[in-house]
Amino acid sequence: MPTRPLRVLVVDDSALVRQVLCAIIDAQPDMQAVGTAGDAAAARSRIAALAPDALTLDIQLPGMNGLDFLRELAGGPPLPVLIVATPTEAQAQVVQQARALGACGVLPKPRLGVAQGLQDEGEAICQALRQAVQAAGRVRADAGPPAVAPAASGPVTGRAPLSARTAAAAATGGRGWRGERLIVAGASTGGTEALLHFLAQLPPDCPPVMAVQHMPAGFTRSFADRLDRHLPLQVSEAQDGQTLLPGQVLIAPGSHHLAVRRGAQGRLEAILLETAPVNRHRPSVDVLFDSAAGLIGRRASGVLMTGMGRDGAAGLLALRRAGAATYAQDEASCVVFGMPREAIALGAAARVLPLGQLGTVLMQDLADAAASG
């Protein structure tokens, strides 16, 4: 059985840094950001609830600084901790103190807005976490990942090239569903694994899928590549004007909103927008959901999964009002029950389901609708 992903908790008082670090970690095929915390109190709670394999820790935290929190952690069960600090904080004295308290290392925070620096420093952070966890022996080969459909248990081998997969799916017209259909999905914190599990439940000839995962620019392509390696579907970062085809999954680029429009030939196609952030996000789930609701209404299926905040809740409501089938992930299977909870509170979700049932039930609903005419 393959080694399960290395589960990392990100602790930093900056929401932007938390988002960037989560994106860096989630872009790795062997790692998963299982949660975040902005202060020591929240970190204590997340450690108890999530049992991470390692954590990244900021020096400057409200209420208790990182070194004091590290000292507190030293009195509990062993937990690899990597200090991720600003260059001014990562001085020799701090490094010595951190190591004396048990930190596995001190590395600089990624330079936001500097693409190459972000990539290089991100790789250094991930490698340091791997080495620390390996040394601690916390991730066992027999632990196994959470339950997931067989298609997602490892990289798909011996399959056709992308062009052949696309052509074959288009030729089938889609088993169990009729006419023009579209699946739109959105997620944030915890969503990289949730999307993998959801997509693994879809057949190779499923309706086209458009998905938004909150990630900064530069990481969505590697995330899409990771999904493509693990699924029988064709997964790629969306391109402007790209025609939507059965068996295809388009991931919103980290710097653009993703929406759907009707092209010159009357077929559905993706459109990328550089308009202002919505709900503080670009890409925004609401932008995708609203466009699907307005363009194809009841022929869409909307899925909102784990994530912090409310992005996607209003859009899922717009989809339901337009006659679309709407689904939300239940609290028990969410890493963060924020976005789905907001949608449920609005009455936007016709069905609330565990992650392991979302895709299966959605496809059964499409088959039932086709059978009933």
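The values are calculated or read from the model by the stated rules, or taken from the named source; none is laboratory data. Predicted model only: the values in this text are computed from it and were never measured. FYI the Cβ positions are ideal-geometry reconstructions off the backbone, even for glycines, and counts take in every protein chain you see.
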### Query
If you check ARG282, ARG321, ARG299, which single one turns out to be more than 19 Å from PRO208 (Cβ to Cβ) and buried (at least 19 other Cβ atoms within 10 Å of the Cβ)?
ARG282
### Query
Can you name every residue in the stretch 1-49 that is of a type in the set (Lys, Arg) and over 16 Å from the mean Cα position of the chain (by Cα)?
ARG4, ARG44, ARG46
### Task
Could you name every one of the helices (runs of 4 or more DSSP H) located completely within the stretch 302-373 that has at least 1 residues being over 30 Å from SER45 (Cα atoms) and more than 23 Å from the chain's Cα centre (by Cα)?
313-321, 355-371
### Task
Select from the stretch 331-353 the residues that are modelled with pLDDT of 95 or more and farther than 18 Å from ASP286 by Cα and write down the one among them that is surrounded by the most Cβ atoms within 10 Å (Cβ to Cβ).
LEU353
#### Entry: Matching residues in the stretch 330-346 - criterion: being within 15 Å of PHE289 (Cβ to Cβ) and touching a helix residue (DSSP H, G or I) at 6+ places or on another chain (Cβ under 7 Å)
MET339, GLU342, ALA343, LEU346
### Summary
Within the stretch 261-274, residues being out of contact with any helix residue (DSSP H, G or I) (no Cβ under 9 Å at 6 or more places or on another chain) and either in a strand (DSSP E or B) or surrounded by 17 or more Cβ atoms within 10 Å (Cβ to Cβ) (or both) number 3
### Candidates ASP311, ASP368, filtered to the one that is at negative phi and out of contact with any strand residue (DSSP E or B) (no Cβ under 8 Å at 6 or more places or on another chain)
ASP368
### Task
Run down GLY323, GLY309 and say which single residue is within 23 Å of GLU180 (Cα to Cα) and in contact with a helix residue (DSSP H, G or I) (Cβ under 9 Å, 6 or more places away or on another chain).
GLY323
### Task
May I ask you to list pairs of residues, at least six apart or on different chains, whose Cβ atoms are under 8 Å apart, with the first in the stretch 286-306 being in contact (Cβ under 8 Å) with a residue 60 or more places away in the chain and the second being basic (Lys, Arg)?
ARG299/ARG181; ALA300/ARG181; SER301/ARG181; GLY302/ARG320
#### Entry: Selected residue (criterion: nearest to LEU358 (Cα to Cα)) from residues of the stretch 279-329 that are β-branched (Val, Ile, Thr) and modelled with pLDDT of 95 or more
VAL303
### Query
Among all residue pairs at least 6 apart or on different chains, which show Cβ distances below 6 Å where the first residue, located in the stretch 71-96, is farther than 13 Å from ILE47 by Cβ and the second is part of a strand (DSSP E or B) and at pLDDT 85 or above?
LEU82/THR56; ILE83/LEU57; VAL84/THR56
## Note on the structure
Those residues of the stretch 23-53 which are at pLDDT below 90 and in a helix (DSSP H, G or I) amount to ALA23, ILE24, ASP26
### Message
Whether any residue in the stretch 363-372 is surrounded by 24 or more Cβ atoms within 10 Å (Cβ to Cβ), at pLDDT 95 or above and either of a type in the set (Ser, Thr, Tyr) or under 18 Å from LEU195 (Cβ atoms) (or both) is what I want to check.
### Response
no
